[in-house]
Amino acid sequence: MALPILLRVSNFRAYVWDVDDINTLRSHHRICGILTGTLPHLSSQNVFLGLPLQLMPEEVVLLVENGIAVLADDPSAHHSPSPSLLKLWQEERLSDARQQIALTEEKESIEASNANRAMSESAQRKRKEREERRAHATVNTAPNIPMDDSPSPPPISENPSRLAVEESPDRAVVMPSAPYTVHVPASSSRLAWYAPHSHLYSSIEAGIWKYPSTLQERARCGVFRSLWEQGFYMGVGIRFGGEYLVYPGDPLRYHSHFVASVIEAPGAALRPMEIVAHGRLGTGTKKAHLLCEWNDETKVVSYFSVEWAGFG
């Protein structure tokens, strides 16, 4: 039996940080969520996003109630690291930085030794002129620093990648001064002081989760579950004037057929102007608008679809 998927909860929002868990949710449980993380070295950050995957509250309730996932109190799972663990983590960062700098120096030395092979005499002359102009501009723009009696800073090593592991008075590891890339892990699972399994909850009634707490929220959860049990995929529908976009299959392969709006009770008010607006907007976007009425007593959903008939 597969282990439950960890939904890491922070500030009453649930996130999935594991790529395999995201694949399982989408391919086996028809749960898509929304990617909210940024990707390094990618310019179109509004189009292509990465980890973590943020889930809608209705998706969280469905997964936990069905035993597919459990809630993890993420802030409490991050314990205070001991000095020895913190020093070990800093030394790993230093080792990674040194390795990066060593590889960069090796690459630069190879490029410097072969720089003139593929360049013509004219290109070499232009390159030399650019370097001279750059050096001249650097000298002219250097700020004039007044002399004072303060002690001069210690000399910087010419090869930071070969620095020994130095320690400051507070025993902290000193990082190299040469440029290097800082790798930020996508998940805290690699941290020795991160222990989510001691802060797991298999019920949405845990103190770290408060949804649903109102009639409207219960109606949204009931409608979402009803559509999900019929085999549909759901996405956020706010751009089309509803709560959900309803897809017949994976949203990467299909267009949505319905825009679903939730009516929290049979006696809830619904103005004729809203019906007209939903019908025309849905037809204009090639979708039918689905009015989903929730009965909190019988736990049953009634559906009414609205389309513009094309006359008048």
Exercise. Among the residues of segment 247-271 satisfying the criterion of being open to solvent by less than 20 Å² (accessible area, probe 1.4 Å) and either β-branched (Val, Ile, Thr) or not assigned by the TED database to the domain that holds Phe224 (or both), which is nearest to Thr285 (Cα to Cα)?
Worked result: Val259
For this session: Might you check whether a residue that is modelled with pLDDT of 85 or more, part of a loop (DSSP other than H, G, I, E, B), under 28 Å from Gly37 (Cβ atoms) and open to solvent by less than 30 Å² (accessible area, probe 1.4 Å) occurs anywhere in segment 237-246?
Result: yes
Exercise. So, of the residues in segment 204-222 that are open to solvent by less than 50 Å² (accessible area, probe 1.4 Å) and closer than 19 Å to Ala77 by Cα, which turns out to be modelled with the highest pLDDT?
Worked result: Trp209
Exercise. Can you name the condition, by its number, that Gly231 falls short on among (1) loosely packed, with under 13 Cβ neighbours inside 10 Å; (2) over 26 Å from Leu35 (Cβ atoms); (3) not aromatic (Phe, Trp, Tyr)?
Worked result: (2)
Exercise. Within segment 33-75, which residues are at pLDDT 85 or above and among the β-branched types (Val, Ile, Thr)?
Worked result: Ile34, Thr36, Val60, Val61, Val64, Ile68, Val70
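May I ask you to list the residues in segment 251-260 that are part of a loop (DSSP other than H, G, I, E, B) and in contact with a Lys or Arg (Cβ under 7 Å, 6 or more places away or on another chain)? Give the steps one after another, and end with the answer.
The initial filter retains those residues of segment 251-260 that are part of a loop (DSSP other than H, G, I, E, B), namely 251-257.
Ser256, His257, listed by residue number.
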Exercise. Which one of these is under 28 Å from Leu53 (Cα atoms), out of contact with any strand residue (DSSP E or B) (no Cβ under 8 Å at 6 or more places or on another chain) and not acidic (Asp, Glu): Gly249, Gly231?
Worked result: Gly231
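Here's the yes/no breakdown for (1) open to solvent by 60 Å² or more (accessible area, probe 1.4 Å); (2) closer than 23 Å to His255 by Cα:
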position: Met273; (1), (2): yes, no
position: Ala277; (1), (2): no, yes
position: Gly282; (1), (2): no, yes
position: Ala288; (1), (2): no, yes
position: Glu293; (1), (2): no, no
position: Glu297; (1), (2): yes, no
position: Val301; (1), (2): no, no
position: Phe304; (1), (2): yes, yes
Exercise. Out of Ser80, Ser109, Ser95, which single residue is among the small types (Gly, Ala, Ser) and touching a residue at least 12 places away in the same chain (Cβ under 8 Å)?
Worked result: Ser80
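Tell me which residues, restricted to segment 27-40, are of a type outside the set (Val, Ile, Thr) and open to solvent by 60 Å² or more (accessible area, probe 1.4 Å).
Kept after step one, since they are of a type outside the set (Val, Ile, Thr), are these residues of segment 27-40: 27-30, 32-33, 35, 37, 39-40.
Residues satisfying the conditions are Ser27, His28, Leu35, Leu39, Pro40.
Sort out which residues of segment 3-21 are of a type in the set (A, V, I, L, M, F, W, C), open to solvent by less than 40 Å² (accessible area, probe 1.4 Å) and over 12 Å from the mean Cα position of the chain (by Cα), and write them in order of number. Give the derivation first.
In the first step, residues of segment 3-21 are kept if they are of a type in the set (A, V, I, L, M, F, W, C); the result is 3, 5-7, 9, 12, 14, 16-17, 19.
Add one more test, that the residue is open to solvent by less than 40 Å² (accessible area, probe 1.4 Å), and what stays is 5-7, 9, 14, 16.
Within segment 3-21, Ile5, Leu6, Leu7, Val9 meet the criteria.
The values are calculated or read from the model by the stated rules, or taken from the named source; none is laboratory data. Because the structure is a prediction, the values reported are computed rather than measured. Here Cβ is always computed from backbone atoms with ideal geometry, including for glycine, and neighbour counts include all displayed protein chains. To get the accessible areas, we keep the full protein, side chains included, count just its heavy atoms, and leave off ligands, DNA and RNA. Shrake-Rupley method; radii C 1.70, N 1.55, O 1.52, S 1.80 Å.
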